[in-house]
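Working notes for the structure below.
The values are calculated or read from the model by the stated rules, or taken from the named source; none is laboratory data. What you are looking at is a predicted structure, and each value in this text was computed from that prediction instead of being measured. Note that each Cβ is placed from the backbone with ideal geometry, even for glycine, and that neighbours are counted across all protein chains shown.
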Amino acid sequence: MVLLSVTPLWAAPPPAPIVITGADRRPAISLNGDWASIVDPYFNGLYSIHHVKMADGFFLNRKAQPGDLFPTEYDFSKSPSLKVPGDWNTQRESLFFYEGPIWYEHNFTYTPKKNTRVFLHVGAANYHSFFWVNGKKVCEHEGGYTSFNCEVTEALHEGANFVVAAVDNSRHEDNVPTMQTDWWNYGGITRSVSLLELPESFIDQYDLHLSRTEDSVIEGWAHLTNATPDATVAVEIPELNARASAKVGADGRALLHFSVKGLTRWSPETPKLYKVRIASGEDAVNELIGFRTIETRGTEILLNGKPVFLHGVCIHAEAPYRTGRAYSDQDAATLLGWARELGANYVRLAHYPHDESMLRAADRMGILVWAENPVYWALEFDNSQVYDKARLQLEEEIGTSRNHAAIILWSMANETPNNPTRTQFIENLAARARELDATRLITAALLIRTEGKTKVVDDPLGKALDVIGINEYIGWYEQHPEDADTTNWRIDFQKPVIVSEFGGSAKAGLHGDKNQRWTEEFQANIYRHQLPMLNRIPQLRGMSPWVLMDFRSPNRLLPGVQDDFNRKGLISETGEKKAAFFVLQQAYKENLVGKAE
Ligand code: GCU
């Protein structure tokens with residue numbers, strides 16, 4: 001295949017994409033819809049026949065011209081389309097198992113405006129993605145679950161424009177996450193894409209939160225790009241009749257600190273969100289923010305200074321009913337609606353950052369959130385480039401979602417092997433998270449070990465955490481459900497504990513004896529024996545059984561039962577509630593499990 005590269009090989013690579021806080025709260029030109037697509041398993045569009053990555057190779061959307069001295073062996077206009085946002089696996093049967101590169105192309109019209117910078121906002125693209133506008137490479141990104149913004153100001157022109165993307169969900173050892181996950185590797189442009197028009201100098205990141213130490217004080221900062229020396233940032237909360245402004249410092253940041261009167265603190269009981277306007281020069285963001293404090297005191301978790309117990313459930317971003325990667329307000333409403341029906345005041349969004357629509361819904365509904373960076377199972381913890389990838393994803397997650405009152409926990413990892421290299425890797429991530437955001441709690445889901453009838457939680461990583469997450473599967477992967485009755489716990493940390501996973505599988509509608517695996521009765525029996533056991537853990541401050549809804553996984557292959565689905569859901573992917581759903585609902589509604597203090 002002859003490839004045409006328009007940009008000279010020595011051209012400077014495009015600037016790295018940037019993080020923009022609350023990008024979904026800004027006016028935007030949507031590029032969602034049908035995008036032409038070309039499946040390119042050998043990545044011919046990017047690599048030469050000698051597998052040399054073309055500095056800027058790509059398909060040019062170039063129509064073959066009479067007299068061309070080379071064949072054009074592709075044509076987006078004659079190629080099938082894929083919906084954006086959306087994973088490709090559930091859009092086309094032939095792509096169900098596909099892992100590799102796919103090219104996307106989308107035409108749009110645009111009129112450039114004076115003194116205006118334009119960014120291509122990508123909600124998420126799994127896993128490694130490359131973007132060109134009108135033949136000019138505008139960015140490259142690695143990581144499938146965080147949003148990023150590519151400057152396209154120079155690439156755009158009056159009238160007809162086109163954007164080309166290559167998205168590759170191939171798994172590699174040095175990816176984050178890496179080769180093995182217990183969820184489907186949905187590929188594609190899985191969240192919304194739009195154009196953001198911003199002034200020359202704009203507010204790219206901001207943080208506003210309630211002070212933990214001074215009553216009724218809101219503090220934080222706003223960062224301005226291209227700030228002029230006398231720039232200031234103003235914040236307004238009309239409902240509280242609160243206004244404040246601050247000068248921007250040499251680092252582009254304006255530090256904010258102001259008192260408010262009559263503030264209703266955000267909580268599950270009162271999920272109060274305030275309209276907040278953050279403005280500087282030509283730029284302004286109209287946010288919706290709830291104000292609350294979260295901290296620990298010994299083994300207690302304090303929400304707004306009061307002990308709280310987290311009655312929760314884990315959720316994967318699997319779309320209810322249609323399956324595939326969840327991304328819409330409707331997906332969020334259905335999933336969180338079921339969690340609310342269960343009696344949950346908290347959800348663990350596993351194992352990667354979920355769509356902003358999910359976090360906005362949690363803010364509105366008053367559901368506390370455990371948010372997680374996809375450091376899952378065994379990464380190459382001794383590889384510094386892998387660390388940089390994990391750190392970048394963490395920075396993108398926190399940078400994008402830092403103003404959600406719902407998020408109380410940043411989770412650094414899930415079920416990673418207990419060895420010093422791993423521990424150092426995640427301790428560094430935790431330190432970075434604290435640097436970025438000192439207002440939330442840091443956690444991780446740890447593996448446990450067994451000594452006789454005692455479960456021991458002594459993973460040294462626990463020292464770096466504020467809250468200890470524990471995953472255990474008594475009654476499913478080990479022992480009988482009844483063994484929970486005689487299980488003791490030794491937890492080597494005087495810190496709040498969340499049992500971040502427990503449970504077992506059942507095929508909805510499959511009934512039988514409680515000792516018959518895969519039946520609803522077996523799963524319900526696990527829950528009946530788990531709940532009293534959990535109550536015996538003195539510093540238990542929360543629980544999130546695995547999992548709210550059945551979800552697709554390449555590891556679940558039992559015909560007629562799993563059929564590519566992990567069946568540990570309390571609800572099937574088609575909305576059938578299993579017996580265990582009602583066991584847990586009763587425990588939550590009647591407060592049978594968990595003590596806040
Ligand atoms: C693990 C893991 C999950 C997985 C679950 C299971 O604990 O964290 O991602 O799906 O167990 O085995 O079902």
Quick check on my filter: what residues within the range 462-471 are among the hydrophobic types (A, V, I, L, M, F, W, C) and away from the ligand (no atom under 15 Å from the Cβ)?
ALA464, LEU465, VAL467, ILE468
On the basis of being surrounded by fewer than 18 Cβ atoms within 10 Å (Cβ to Cβ), among the basic types (Lys, Arg) and free of Cβ contacts under 8 Å to residues at least 40 places away in the same chain, does LYS114 make the cut?
yes
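Listed here are the residues, each with its yes/no results for (1) among the β-branched types (Val, Ile, Thr); (2) over 17 Å from GLU318 (Cβ atoms); (3) under 11 Å from the mean Cα position of the chain (by Cα).
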site: GLY343; (1), (2), (3): no, yes, no
site: VAL347; (1), (2), (3): yes, no, no
site: TYR352; (1), (2), (3): no, no, yes
site: SER357; (1), (2), (3): no, no, yes
site: ARG364; (1), (2), (3): no, yes, no
site: LEU368; (1), (2), (3): no, yes, no
site: TYR376; (1), (2), (3): no, no, no
site: LEU379; (1), (2), (3): no, yes, no
site: ASN383; (1), (2), (3): no, yes, no
Any idea which of (1) surrounded by fewer than 19 Cβ atoms within 10 Å (Cβ to Cβ); (2) within 16 Å of the ligand (Cβ to nearest atom) is the one THR574 doesn't satisfy?
(2)
For the range 402-449, name all the residues that are polar (S, T, N, Q) and more than 16 Å from the ligand (Cβ to nearest atom).
ASN403, ASN419, THR421, THR423, GLN424, ASN428, THR439
If I ask for residues that are surrounded by fewer than 18 Cβ atoms within 10 Å (Cβ to Cβ) and outside any helix (DSSP H, G or I), which ones from the range 578-592 would you list?
GLU590, ASN591, LEU592
If we scan the range 472-487, do we find a residue that is closer than 26 Å to ALA596 by Cα, within 16 Å of the ligand (Cβ to nearest atom) and under 25 Å from the mean Cα position of the chain (by Cα)?
yes
Taking SER201 as the residue in question, decide whether it is over 16 Å from the mean Cα position of the chain (by Cα) and part of a loop (DSSP other than H, G, I, E, B).
yes
Need the failing condition index for ALA378 against (1) within 16 Å of the ligand (Cβ to nearest atom); (2) in contact with a strand residue (DSSP E or B) (Cβ under 6 Å, 6 or more places away or on another chain); (3) part of a loop (DSSP other than H, G, I, E, B); (4) hydrophobic (A, V, I, L, M, F, W, C), just the number.
(2)
Here are the criteria: (1) assigned to a strand (DSSP E or B); (2) within 23 Å of the chain's Cα centre (by Cα); (3) surrounded by fewer than 20 Cβ atoms within 10 Å (Cβ to Cβ). Tell me which single one CYS139 does not satisfy.
(3)
When residues of the range 314-352 are limited to those that are within 21 Å of ASN185 (Cβ to Cβ) and of a type in the set (A, V, I, L, M, F, W, C), the one nearest to the ligand (Cβ to nearest atom):
ALA350
Determine whether the range 498-518 contains at least one residue that is basic (Lys, Arg), away from the ligand (no atom under 16 Å from the Cβ), at pLDDT 95 or above and in contact with a helix residue (DSSP H, G or I) (Cβ under 8 Å, 6 or more places away or on another chain).
yes
CYS314 fails exactly one of (1) farther than 24 Å from THR90 by Cα; (2) not in a loop (DSSP other than H, G, I, E, B), namely (1)
Could you please let me know if GLY144 is out of contact with any Pro (no Cβ under 7 Å at 6 or more places or on another chain), in a loop (DSSP other than H, G, I, E, B) and more than 22 Å from GLY22 (Cα to Cα)?
no
Might you check whether a residue that is under 30 Å from MET549 (Cα atoms), more than 16 Å from the ligand (Cβ to nearest atom) and either more than 21 Å from the chain's Cα centre (by Cα) or assigned to a loop (DSSP other than H, G, I, E, B) (or both) occurs anywhere in the range 149-167?
no
Can ALA579 be described as more than 30 Å from ILE491 (Cα to Cα), more than 27 Å from the chain's Cα centre (by Cα), more than 15 Å from the ligand (Cβ to nearest atom) and of a type in the set (A, V, I, L, M, F, W, C)?
yes
Taking the range 285-295 and keeping residues part of a strand (DSSP E or B) and crowded, with 16+ Cβ neighbours inside 10 Å leaves VAL285, GLU287, LEU288, ILE289, ILE294, GLU295
